[in-house]
Structure formats: C-alpha cells, structure tokens
Amino acid sequence: QVQLVESGGGLVQPGGSLRLSCSASGIMFRVYVMGWYRQAPGKQRELVAAIRTRGSTNYVDSVKGRFTISRDNANNTVYLQMNSLKPEDTAVYYCNLHPPTTTYWGQGTQVTVSS
C-alpha cells in the first residue's frame, strides 16, 4: 500500500522559513518524479515544484528563488525548503508523484503565513 506522509507545516510570520518533508512508502521511490503541490482555500490544487530522479527541478513562477525542492532516495523522502514566505503561500501542501496519482494523495500539511 502506497503512503505519502507530509510533515513540517505550521504558522510562520511573513519572511519566515519552513521545511516540509514527505516520507514515501510502498513505491520504488527513486524511479519517480516527485512533486510538491498546494491548495489554498477556494482555489484549485497547483504544482509548486517537481524534482526528477537525477535531481533536476522546476518551480512555479511564484516561488522561484524562494523555495527549493530536494530528495533523499536512500530514505524515500522529498523535501521543500520554503524561505521568504508570503501570506499568499498559505495553503495545505501535499506531495505526490508528478504527474500525480489520484489515490496517492495524503492528508497534507497546513502552512499558514500570517503576522
């Protein structure tokens, strides 16, 4: 059974940082492109960042230069380092394959950026 478990969210002030983690089990993690997604209230879920098997990355324009995605294939974990956070980054953050597999969505982790 595939499980993707996100952690690391929380409440942070504008300009602050958070590091999200996603632990994967039940899949051959190292062969998949992985992505971080987010869904803000009233909006559709969007891809924030993706990382390929050998480490190349891409980002949505709104987070370029602020967020960094990375992966640890030995520990089946993908990370999202988020710096210079803005109120508009407030959302529930999820990890999944890229493109995503519907049945793999987890609970996500809430990120709230507010003063």
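The values are calculated or read from the model by the stated rules, or taken from the named source; none is laboratory data. Everything quoted here is computed from the prediction, not taken from an experiment. Neighbour counts run over all protein chains shown; Cβ positions are idealised from the backbone, glycine included. Just the protein is used for accessible areas: all its heavy atoms, side chains included, with ligands, DNA and RNA removed. Shrake-Rupley method; radii C 1.70, N 1.55, O 1.52, S 1.80 Å.
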Given the conditions (1) modelled with pLDDT of 95 or more; (2) in contact with a helix residue (DSSP H, G or I) (Cβ under 8 Å, 6 or more places away or on another chain), every one holds for Gln81 apart from (2)
Those residues of segment 58-105 which are among the small types (Gly, Ala, Ser), under 12 Å from the mean Cα position of the chain (by Cα) and closer than 15 Å to Leu47 by Cβ amount to Ala91
Scanning segment 74-108 residue by residue, the ones that are among the small types (Gly, Ala, Ser), in contact (Cβ under 8 Å) with a residue 24 or more places away in the chain and open to solvent by 60 Å² or more (accessible area, probe 1.4 Å) total 1
Gly42 fails exactly one of (1) under 17 Å from Val111 (Cα atoms); (2) touching a Lys or Arg at 6+ places or on another chain (Cβ under 9 Å); (3) not polar (S, T, N, Q), namely (2)
Output for Cβ contacts, cut-off 7 Å, separation at least six or different chains, first residue β-branched (Val, Ile, Thr) in segment 24-50, second surrounded by fewer than 21 Cβ atoms within 10 Å (Cβ to Cβ) and assigned to a loop (DSSP other than H, G, I, E, B), reads Ile27/Val2; Val31/Thr53; Val33/Arg52; Val33/Thr53; Val33/His98; Val48/Val60
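Could you tell me whether any residue of segment 61-72 is touching a Lys or Arg at 6+ places or on another chain (Cβ under 7 Å) and of a type outside the set (A, V, I, L, M)? Don't jump to the end; show me each part of the working.
Restricting attention to segment 61-72, the residues satisfying the condition of being touching a Lys or Arg at 6+ places or on another chain (Cβ under 7 Å) are none.
Taking every residue of segment 61-72 in turn, none turns out to be touching a Lys or Arg at 6+ places or on another chain (Cβ under 7 Å) and of a type outside the set (A, V, I, L, M).
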Selection from segment 62-73 of residues farther than 11 Å from Val48 by Cα, open to solvent by 30 Å² or more (accessible area, probe 1.4 Å) and not in a strand (DSSP E or B) yields Gly65, Asn73
If we ask which residues in segment 34-59 are closer than 21 Å to Val92 by Cβ, open to solvent by 40 Å² or more (accessible area, probe 1.4 Å) and assigned to a loop (DSSP other than H, G, I, E, B), their number turns out to be 5
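Would you confirm whether or not segment 15-29 contains a residue that is buried (at least 19 other Cβ atoms within 10 Å of the Cβ), at pLDDT below 95 and over 20 Å from Gln110 (Cβ atoms)? Working first, answer last.
Step one: list which residues in segment 15-29 are buried (at least 19 other Cβ atoms within 10 Å of the Cβ), which gives 18, 20, 22, 24, 29.
Those left that are additionally at pLDDT below 95: 29.
If we keep only those that are over 20 Å from Gln110 (Cβ atoms) too, we end up with 29.
Scanning segment 15-29 turns up at least one residue that is buried (at least 19 other Cβ atoms within 10 Å of the Cβ), at pLDDT below 95 and over 20 Å from Gln110 (Cβ atoms).
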